[in-house]
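**Student:** Have a look at this one.
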Amino acid sequence: MNASDLTALRPLDAAAVQHDLVVRAARAVTPEGVRPVEVGVKDGVISAVEPLGAGLAAATVLDLAEDEVLLPGLVDSHVHVNEPGRTEWEGFESATRAAAAGGVTTIVDMPLNSVPPTTDVPALEAKRAEARRTAYVDVGFWGGAVPGNTADLRPLHDEGVFGFKCFLIDSGVPEFGHLEPEELERDLAEIARFDGLMIVHAEDPAVIGSAPHAHGPRYADFLASRPRQAEEQAIATVIEAARRTGARVHILHLSDAAALPMIAAARAEGVRLTVETCPHYLTLTAEEVADGATAFKCCPPIREEANRDALWQGLLDGTIDIVVTDHSPSTLDLKALDTGDFGVAWGGVASIQLGLAAVWTEARARGVGLEQVVRWMSAGPAALVGLRTKGAIAVGRQADLAVLAPEEEFEVDAARLHHRNPITPYAGRRLAGVVRRTLLRGQEIGAEPAGTLLRRGEA
């Protein structure tokens, strides 16, 4: 009998039923820490969290194996699904299957690279129509802030988007233009009127325009084309605009640890600023990227080992708030695998199924506990987007749960991952942390899509 067999669901005498489901775990990551618990579930909501041995009764009991830990389902607020319009890159069915396999029970979809982008209410409804049919996990949506759509921001907010994404540099797709500094400030002033959130791809086009042009297969040349100063200048622009307007702002996919003191100082002054980083910045380094290995290309780029160490320190001291994947897949041909040319390859890392394992593997090596990883990847993202019923094993929260075997290791085989195109920079790497089950509102995610669409303020 293997470990997964030991987690079999057992029916109980119906006369003793109080809950629909009870999960018994010798180790569960709760807001109070890692502890042995019994979790009762009724109508998809956590109805009890009691010490192990309390004897909660239910129609069905799930006993975790000795090597398993119960986690709240992860919340990934940075996912590019690309449907409709570029479904050959990724779609809701494949992306959400991959999410579930990685312990992620909620995603918030970015407003690009779908066609049309989510920059007005009709485009939002088109995206919802696609997700409604095929989502295996819960899905929310970001709106987009692009030149000329300031008047669309409030209607999108009223329709339930969780905030608005903008670029300060070319986005890579023609239908999603970037904001100039004056446009950013104008949109922040508009968003501040209804206390919305602007999330920003922060790289400065002037700095990058003066850097060497990316070309060829040498990763060092690509890294030189996206210098640290581009992030620092753009983040300074965002901070100053947020200071003047009072708007809430969030820095996406921070790669440059040298920006952390600026971020900390702005927050100390009262600027309403949060920041995320991503698994690839915490687990991969520039030194290990082989020339021509375009699976590693992303913008901003994966930087040096010392920078990675400083990002970890930023997490531990609280300057960085959350860790989310920035799952940004494309078709294989767009990664220029035949030439290995970093100048023309699509910039994006496909990793939604691997985010937890990748971060946990590195965290474990650094002596960082699983409860901290869960805070960065579940509770933190839920708080960022205002999902009050997600992100914790606590009474009243939705019973979105993941069963993790944290010590079990596996070698990444890109062909066995669920996202649409079989490429990832983690291919061939050995990671720790196998997700054995994922439950959405108390039901194991299985063969049929059961995800719901989320609106800001309703979850």
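**Student:** Calculated FRET efficiency, R429 and R193, Cβ-Cβ r, R0 51 Å, to nearest 0.05?
**Tutor:** About 0.65, to the nearest 0.05.
**Student:** Follow-up question, since we're still on this one. Count neighbours as other Cβ atoms within 10 Å of each site's Cβ, and list the GluC sites (Glu not before Pro) in region 202-271 that are DSSP loop with at most 13 such neighbours.
**Tutor:** Passing sites in region 202-271 are E269.
**Student:** Let me check I've understood the local charge: for T105, count other residues with C-beta under 14 angstrom from its C-beta, Lys and Arg +1, Asp and Glu -1. What total comes out? Don't jump to the answer; show the numbers that get you there.
**Tutor:** Numbers: positive: R97, K390, R397, R437, R441; negative: D76, D138, D400, E444.
Spelling it out: positives minus negatives among the neighbours equals +1.
**Student:** Can I ask one more? If you keep only loop residues by DSSP, which trypsin sites (Lys or Arg not before Pro) in region 140-193 have at most 10 other Cβ atoms within 10 Å of their Cβ?
**Tutor:** Nothing satisfies the criteria.
**Student:** Net charge near L223, counting Lys/Arg +1 and Asp/Glu -1 over other residues with Cβ under 14 Å of its Cβ?
**Tutor:** With Lys, Arg at +1 and Asp, Glu at -1, the net is -3.
**Student:** Would you mind telling me the antiparallel percentage of the DSSP bridges in the chain, rounded to 5?
**Tutor:** Bridges in the chain are about 50 percent antiparallel.
**Student:** Could you tell me which residue out of S328, T87, I107 lies farthest along the dipole of the chain toward its positive end? Charges go on the beta carbon: Lys and Arg +1, Asp and Glu -1, centred on the Cα centre.
**Tutor:** Most positive-ward Cα: I107.
**Student:** Run through every distinct alpha carbon pair of the chain and return the Kirkwood hydrodynamic radius in angstroms, one decimal place. Intermediate values should be presented prior to the final figure.
**Tutor:** Details: mean 1/r = 0.0449 Å⁻¹.
Final number for the Kirkwood radius of the chain is 22.3 Å.
**Student:** Could you tell me which trypsin sites (Lys or Arg not before Pro) in region 356-410 are loop residues by DSSP with no more than 12 other beta carbons within 10 angstrom of their beta carbon?
**Tutor:** Counting only loop positions with at most 12 other Cβ atoms within 10 Å, the trypsin sites (Lys or Arg not before Pro) in region 356-410 are R366.
No value in this document is a laboratory result; all are computed from the given coordinates. Since we're looking at a predicted model, the values are computed, not measured. Cβ sites come from the backbone with ideal geometry, for glycine too, and all protein chains shown count toward neighbours.
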